Amino acid sequence: MSSTLGMFHFLSYGFIQRAYLAGSFIAALCAMLGLFLVLRKLSLIGDGLSHVSFGAIALGLFFGFYPFYVAIPVVLIASYFILKLTEKAKMYGDAAIGIVSSVGIASGVILASLSKGFNVDLFSYLFGNILAISGREVYLSIGLSLAVLLIIVVFYNDLFSTTFDQEYAKLTGVKTARVDLLLTSLTAVTVVLAIKVVGIMLVSALLILPAVTALQLAKGFRTAMVLSVLTAVISVFMGITISFFMDLPAGATIVLCNAAFFAAALLFKMVRK
Amino acid sequence: MSILSVKNMSFSYECAEVLREVSFDVQKGDYIGLAGPNGAGKTTLIKAILGLTGAYTGTVELFGRDMRSFDAWNRVGYLPQRVNVFNPLFPATVKEVVGLGLLAKKNFPKRFTKDDGVKILEKLELMGIGDLADKLVGELSGGQQQRVFLARALAPDPELLILDEPSTALDPASRDGFYDVIKELNEKKGITSILITHDTAQIGRYANKLLYLDKKVIFYGPFADFCQSPEMTGYFGTFSQHLICHQH
């Protein structure tokens, strides 16, 4: 009895509570946006924007600013560039993502070599550490997550319509260009938030894995969204718990939990068929 | 009453002429077959009418209003070419897809009501697919999917229905059944219809007018006139014209 209670003692730690709280909000956000991105074949935008955030965080560290305050506007601008490059330069989205992404990484590397002092700080962002999230970052994450979630709920039908059939959405009066801008902007903010959970290298996993897991099982779009959010949030809880007891990196464990859910969903779908 | 009026419409895409001085009027209750060879500009014409292409010259009036300022899109139903619009892996139910047709009637924040749910089911019943409401669209047959998309086009109770090659990917029996549905909507509900097709002979069995396009208007009028037109004999040759009209 006492050993069981002892096992749950870790829940009383402030850093664990902060990790669960911020991680759940951010994961839910990634799961919802990820579904739209995967269905629009924009899965890799998360990867591209996280690479840009590498450069932006380096910029923040270089000038001594709080990195996320620099990363959010820079990544927002980068998301706008990706959209405009796709439209105006008539190139495929993956090529535009590749260009912006490589410029972001290259800028980060140059700034890191120029500074000669913050390399350790910068590289800590590559793999994130949700267990080290501060109180201020929790408030920032929850505040921004709630704002983004509210926007998704309010514009749900426009986002759904544009994702399903862009041309028809236009005909029904949906301002599809604005919806595209909204989607990429929300993704930009979400990517920056998710860096704290899993790090730059694994951000795209939080956007893609819950969505593709839900797509194996869902019997409707709303169901897919609920399943995607559930998968993501449960993975965060499992990942943080496992990482605490087994002394593993939290971000990577969260991603592997998501991957396990995907494998299970795929297996279930194959058996059901 | 003229539902649609197109005057001197020309459209080019990267220096290539797609439409040249196209003019025609569509009256209330018309059922028009829009035919022509590949690359004749049929889909471009329809997309220009619906405001889905870039700038064109000439004018388009929908329900008496210039298309550029037209915003009553709930009066127009559109069934796009299926192959261009549908990702079969998309996890949308039939109900969710048909509901999209009602968005044209919605103001911000575009929420669906119980009445909308009833309306969606009515349209599915009208299409004979009421039992498929909760199925995933990607799991349906080609013919069933076309009926879903037609139900979506009909959801806002449009006065003008535009269909872009709806019989593509349908077997002959499903195709005839689909054409019958459109004919019934035209005759019983008075929905003005424009149907793009490659099959000039087939559409003659259903439509009351033929608009034959080959970058410009080659023929516009009743199908019977088409068969008796010496100009069309000159254009198609006696044998082809006879073949088309004989099937009609």
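The values are calculated or read from the model by the stated rules, or taken from the named source; none is laboratory data. Quick caveat, the model's predicted, so the values are computed rather than measured. Because the Cβ atoms are built from the backbone with ideal geometry, glycine has one as well, and the counts that use them run over all protein chains shown.
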Margin query: Checking B:Pro166 against (1) assigned to a loop (DSSP other than H, G, I, E, B); (2) of a type outside the set (Phe, Trp, Tyr); (3) in contact with an Asp or Glu (Cβ under 7 Å, 6 or more places away or on another chain), only one condition comes out false. Which one?
Written below: (3)
Note to self: What's the number of the only condition in (1) away from chain B (no Cβ under 14 Å); (2) surrounded by fewer than 22 Cβ atoms within 10 Å (Cβ to Cβ) that A:Gly239 fails to meet?
What the structure shows: (2)
Check: For the subset of segment B:138-150 comprising residues that are within 14 Å of another protein chain (Cβ to nearest Cβ) and without any contact (Cβ under 8 Å) to a residue 60 or more places away in the chain, which member is surrounded by the most Cβ atoms within 10 Å (Cβ to Cβ)?
Finding: B:Val148
Check: If you go through segment A:57-75 one residue at a time, do you hit one that is touching a residue at least 60 places away in the same chain (Cβ under 8 Å), surrounded by fewer than 21 Cβ atoms within 10 Å (Cβ to Cβ) and within 30 Å of A:Gln17 (Cβ to Cβ)?
Finding: yes
Check: Given (1) of a type outside the set (Lys, Arg); (2) surrounded by fewer than 24 Cβ atoms within 10 Å (Cβ to Cβ); (3) at pLDDT 95 or above, where does A:Pro249 come up short, assuming only one miss?
Finding: (3)
Checklist line | segment A:112-169 - residue that is touching a Leu at 6+ places or on another chain (Cβ under 8 Å) and in a loop (DSSP other than H, G, I, E, B) and, of those, nearest to the other protein chains (Cβ to nearest Cβ) | finding: A:Asp165
Checklist line | Residue list for segment B:194-208, restricted to those being in contact with a helix residue (DSSP H, G or I) (Cβ under 6 Å, 6 or more places away or on another chain) and at pLDDT 85 or above | finding: B:Ile196, B:Thr197, B:Tyr206
Margin query: Condition check: more than 11 Å from chain A (Cβ to nearest Cβ), over 21 Å from B:Asp116 (Cα atoms) and free of Cβ contacts under 8 Å to residues at least 40 places away in the same chain. Does B:Asp25 satisfy that?
Written below: yes
Note to self: Looking at B:Ser240 and the list (1) of a type in the set (S, T, N, Q); (2) farther than 26 Å from B:Ala16 by Cβ; (3) under 23 Å from the mean Cα position of the chain (by Cα), which single condition is not satisfied?
What the structure shows: (3)
Check: Within the bounds of segment B:125-137, is there any residue that is closer than 25 Å to B:Leu52 by Cβ, out of contact with any Asp or Glu (no Cβ under 9 Å at 6 or more places or on another chain) and surrounded by 18 or more Cβ atoms within 10 Å (Cβ to Cβ)?
Finding: yes
Next item on the list: Output the residue which, of all residues in segment A:181-221 that are within 14 Å of chain B (Cβ to nearest Cβ) and of a type in the set (Val, Ile, Thr), is surrounded by the fewest Cβ atoms within 10 Å (Cβ to Cβ).
Entry: A:Val212
Notebook entry, point to check: Which one of these does A:Ser107 not meet: (1) more than 20 Å from the chain's Cα centre (by Cα); (2) within 23 Å of B:Ala92 (Cβ to Cβ); (3) more than 14 Å from every other protein chain (Cβ to nearest Cβ); (4) not aromatic (Phe, Trp, Tyr)?
Noted result: (2)
Checklist line | Residues of segment A:64-83 classified as in a helix (DSSP H, G or I) and more than 22 Å from the chain's Cα centre (by Cα), total | finding: 0
Next item on the list: Scan segment A:246-259 for residues that are without any contact (Cβ under 8 Å) to a residue 12 or more places away in the chain and either assigned to a helix (DSSP H, G or I) or of a type in the set (Ser, Thr, Tyr) (or both) and jot them down.
Entry: A:Met246
